[in-house]
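A short worksheet on the structure shown next.
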Protein chains: 2
Amino acid sequence: MSTFTSTTKQINVKDQAKLAQQASKKLALLSEKEKNEALLTIADILEKESEYILKENQKDLDNGEDKGFSEALMDRLRLTEKRVKEFADGLREVVELHDPVGEILSDWTLDNGLKVEQVRVPLGVIGMIYEARPNVTVDATGLALKSGNAIVLKGGSNAIHSNSAIVSVIHKALATTKIPETAVQFIASTDREAASQLFTMKEHIDVLIPRGGGALIKTVVENATVPVLETGVGNCHVYVDQFADVEKALRIMENAKTDRPAVCNAAETFIFHEAWLLKNAGKVQELFEKHGIEVHGDEKAAELLPDVIPANEKDWAEEYLSLAVAVKVVSSVEEAVSHIERYGTKHSEAIVTENAENAVTFLNSVDAAAVYHNASTRFTDGSALGFGAEIGISTQKLHARGPMGLPALTTIKYRMTGDGQIR
Amino acid sequence: MSTFTSTTKQINVKDQAKLAQQASKKLALLSEKEKNEALLTIADILEKESEYILKENQKDLDNGEDKGFSEALMDRLRLTEKRVKEFADGLREVVELHDPVGEILSDWTLDNGLKVEQVRVPLGVIGMIYEARPNVTVDATGLALKSGNAIVLKGGSNAIHSNSAIVSVIHKALATTKIPETAVQFIASTDREAASQLFTMKEHIDVLIPRGGGALIKTVVENATVPVLETGVGNCHVYVDQFADVEKALRIMENAKTDRPAVCNAAETFIFHEAWLLKNAGKVQELFEKHGIEVHGDEKAAELLPDVIPANEKDWAEEYLSLAVAVKVVSSVEEAVSHIERYGTKHSEAIVTENAENAVTFLNSVDAAAVYHNASTRFTDGSALGFGAEIGISTQKLHARGPMGLPALTTIKYRMTGDGQIR
């Protein structure tokens, strides 16, 4: 569309947050049907405007080319007609999800007749701070609006043209719906100051969700006074116990490490019980060779396996996100648990064993969002668990832990109905 | 007991947090019975050691006398045999509460046979930062231990001897139970540095709960990187609508303002619909006179009521916690909602009306932990709502909102049981 112009002009960040907050008040009162209609409209218009989005995306790609971005980063940035169609389909999937808003979680009546209801309500305004992937712009907006929340988006500067174009299209779509356009705010500045202003805007923003690398998340957590939903970093372990079934162990290791090495629920360290590894080193070695896995191991690992690079402290804490793995050899399940306690990020941790007692010890003692017995860590994922789309995977303990679906974007309100009751 | 000595010697705050964390691992695995036995032991020993506690409390009272504390503050500090007995009885009540740990909130099986359970687990280590009342030492410890959490206590310097004595008694009691003594850590330093060290100890503390005045809470929220459960400040409003029943309105106003003016769920502002006040100013005046209520009002309030002190911006935001009230006159429910949006603290907000539409507008539009139709704001309280003891009243939206009982001190864990499932 040649006449299409950006609606994401730069205004004061605080004013944007205020506009979002005002919009959130209206949005909170809309019906599920009204919100769904708006999401379907956005989906349709995104597809129609795909040419404009791709044209703007090309600017980011050209810029990336100039700056010599890695192919992995270029791939995260790159949009195609198919990807834009996937954005639209993603929104159509969100339409199918159950709207948690208005759900009465419990209700009771006090002896004096006061009726108490605990009802789900939207959080209000979500601040989303993210890096290179333009798909977050669409996914996060879809989940926020469906759960009755306004959203303030601060994407990475590398994707500024793509994100700006996507939000302009969303605004155009919203203009014909019951959701105010101002419910979706995009911070067009690439200035770091703009993001850090969001950190302390407690008056206008109810929660910040950082999506991206560890450094981004750390910056937000350390500097924000707005409550943060911490997502992401996964230094996940697979512990192969003395009593592990060989076939299950190999299958789970292979899947957890190689299915998608770059995601947060992929395994980063294998912990072997010494006795098991002694018997099965050959098969483990075959697996490593089959996938060209680079092994950073402790001394015992080096004794039992060939080509082991000596592991240092950094390796135990590393989220490789590639076909590299740290290997630790232990002599008990307790030693495995201690290692995970020290280096894990409380994301997803697995034990492979046929021994029920060791399984229980592991599942009860390991402190993580998800603990597995005889299964791959890769299941820590909203769609794998049947939640539908997710806003991220929480590695914190408050509010939401593990994959966060729509309910994580809501809070509750006590609604009391009386007839003059006093205390 | 003349031989009783304090066990709360001063060690490094970080080491204390680490000890609490180690203890939390054991505590998390105890049964409800074992935890209850420990709480009952603490209750018994507290009663037995009441003489020692009162002797130590006297040091704080003497110090308060020297420093010229107000009678209100002295009263918060003062312990008596009866109060110590109440501490013990409070613990016995916690024993009766349902233990949330281990509860399976939901469970399902994926098509591939992987069994998924969402199970409640303790948060881990709770950091409690509080002011003058020594009862928080006992109450918070009881709730933390019952929910399987270790606790690091940082009380106010004014109550240092009382708190230290109480914790020494708790330690003595725990020595004979399954709960490690190290599960209860008391920071004996009165140094502000000691508290602020807790703010950033993310590695060892899972949540901070500040209990006290607005300044304390603000300091914690602004400086902590550990997640905070924000409690307390309540600038609560009662809106008397045009269609309010006179008798209900007067009763609710009286209860909300005068029953216990110093608590957070007491009303601080009355908002009157102009038409209602015009008809009922005399009765409102009678109520104010009956209780000697000091009125800070806007211009219209001053026209309709005698002895109105002109209200300024500060009055609208003020938590008087005394027999003073701000009075705002409006001409619609929407204007009342706007005022609350601007000055409220999202705690407890009430409308008095016989008009169903206005009630719905108010209940849906006002963003607060508790919204009331025709009832006093005083019901926002764990024991009034039937939760038993509460750790505080959350005014934030994440994790827990409103009165926080034992479940607020837990998180969830996904427990997956498979037979070799991969993705």
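The values are calculated or read from the model by the stated rules, or taken from the named source; none is laboratory data. On a predicted model such as this, the values are computed, not experimentally measured, just so you know. Every residue, glycine among them, receives a Cβ derived from its backbone with ideal geometry; neighbour counts consider all protein chains shown.
Brief remarks on what is shown
- Some residue of the range A:211-228 being out of contact with any Ser or Thr (no Cβ under 9 Å at 6 or more places or on another chain) and of a type in the set (S, T, Y): no
- When residues in the range B:122-162 are screened for being within 14 Å of chain A (Cβ to nearest Cβ), farther than 19 Å from B:I42 by Cα and in a loop (DSSP other than H, G, I, E, B), 2 of them pass.
- The range B:108-133 residues that are without any contact (Cβ under 8 Å) to a residue 40 or more places away in the chain, paired with ones that are of a type in the set (A, V, I, L, M, F, W, C) and surrounded by fewer than 18 Cβ atoms within 10 Å (Cβ to Cβ) (beta carbon under 9 Å, 6 or more apart): none
- Any chance B:V240 is closer than 30 Å to B:F270 by Cα and over 21 Å from the mean Cα position of the chain (by Cα): yes
- Count - residues of the range B:382-421 that are assigned to a loop (DSSP other than H, G, I, E, B) and surrounded by 19 or more Cβ atoms within 10 Å (Cβ to Cβ): 11
- Residues that are modelled with pLDDT of 95 or more and surrounded by fewer than 19 Cβ atoms within 10 Å (Cβ to Cβ) were ranked within the range A:62-77; the one that is nearest to A:G155 (Cα to Cα) is A:N63.
- Applying the criterion of at least 2 residues that are in contact (Cβ under 8 Å) with a residue 60 or more places away in the chain and within 14 Å of another protein chain (Cβ to nearest Cβ) to the strands (runs of 3 or more DSSP E) found wholly in the range A:225-328 leaves A:236-240.
- Flag for A:S331 being among the small types (G, A, S), under 27 Å from B:E203 (Cβ atoms), over 29 Å from the mean Cα position of the chain (by Cα) and surrounded by fewer than 18 Cβ atoms within 10 Å (Cβ to Cβ): yes
- Evaluated against (1) closer than 30 Å to A:I151 by Cα; (2) of a type outside the set (S, T, N, Q); (3) touching a residue at least 60 places away in the same chain (Cβ under 8 Å), A:G344 falls short on exactly one condition, (1).
- Residues that are at pLDDT below 95 and of a type in the set (G, A, S) were ranked within the range B:357-399; the one that is nearest to the chain's Cα centre (by Cα) is B:G392.
- The single condition among (1) over 25 Å from the mean Cα position of the chain (by Cα); (2) surrounded by fewer than 19 Cβ atoms within 10 Å (Cβ to Cβ) that A:R342 does not satisfy is (1).
- When we screen B:A389, B:A350, B:A408, B:A368 for residues that are at the interface with chain A (Cβ under 9 Å from one of its Cβ atoms), closer than 30 Å to B:G124 by Cα and either hydroxyl-bearing (S, T, Y) or touching a Ser or Thr at 6+ places or on another chain (Cβ under 9 Å) (or both), the only hit is B:A368.
- Residue within the range A:331-344 that is at the interface with chain B (Cβ under 7 Å from one of its Cβ atoms) and touching a strand residue (DSSP E or B) at 6+ places or on another chain (Cβ under 8 Å) present: no
- Test: residue in the range A:213-223 that is out of contact with any His (no Cβ under 8 Å at 6 or more places or on another chain), in contact (Cβ under 8 Å) with a residue 40 or more places away in the chain, among the basic types (K, R) and not in a loop (DSSP other than H, G, I, E, B): no
- Positions within the range A:140-161 being within 22 Å of A:E193 (Cβ to Cβ) and of a type in the set (S, T, N, Q), in sequence order: A:S157, A:N158
- Residue tally, condition within 14 Å of chain B (Cβ to nearest Cβ) and in a loop (DSSP other than H, G, I, E, B), over the range A:184-207: 7
- Whenever a residue of the range A:74-89 is assigned by TED's automatic domain parsing to the domain that holds A:N57, its partners that are of a type outside the set (K, R) and outside any helix (DSSP H, G or I), lying with C-beta atoms within less than 7 angstrom and at least six residues away or across chains, give the pairs A:R76/A:A132; A:L77/A:A132; A:L79/A:P134.
- Close Cβ contacts (under 8 Å, 6 or more residues apart or on different chains) running from residues in the range A:182-200 that are touching a residue at least 12 places away in the same chain (Cβ under 8 Å) to residues that are among the basic types (K, R) and assigned to a loop (DSSP other than H, G, I, E, B) comprise A:A188/A:K9.
- Whenever a residue of the range B:12-24 is closer than 14 Å to A:D367 by Cβ and assigned by TED's automatic domain parsing to the domain that holds B:A144, it has no partner that is of a type in the set (D, E) and not in a helix (DSSP H, G or I) lying with C-beta atoms less than 6 angstrom away and at least six residues away or across chains.
- The range A:371-385, residues that are among the hydroxyl-bearing types (S, T, Y) and either within 20 Å of A:A244 (Cα to Cα) or at the interface with chain B (Cβ under 9 Å from one of its Cβ atoms) (or both): A:Y372, A:S376, A:T377, A:T380
- Members of the range A:355-381 found to be assigned to a loop (DSSP other than H, G, I, E, B) and among the aliphatic types (A, V, I, L, M), listed by number: A:V366, A:A368, A:A369
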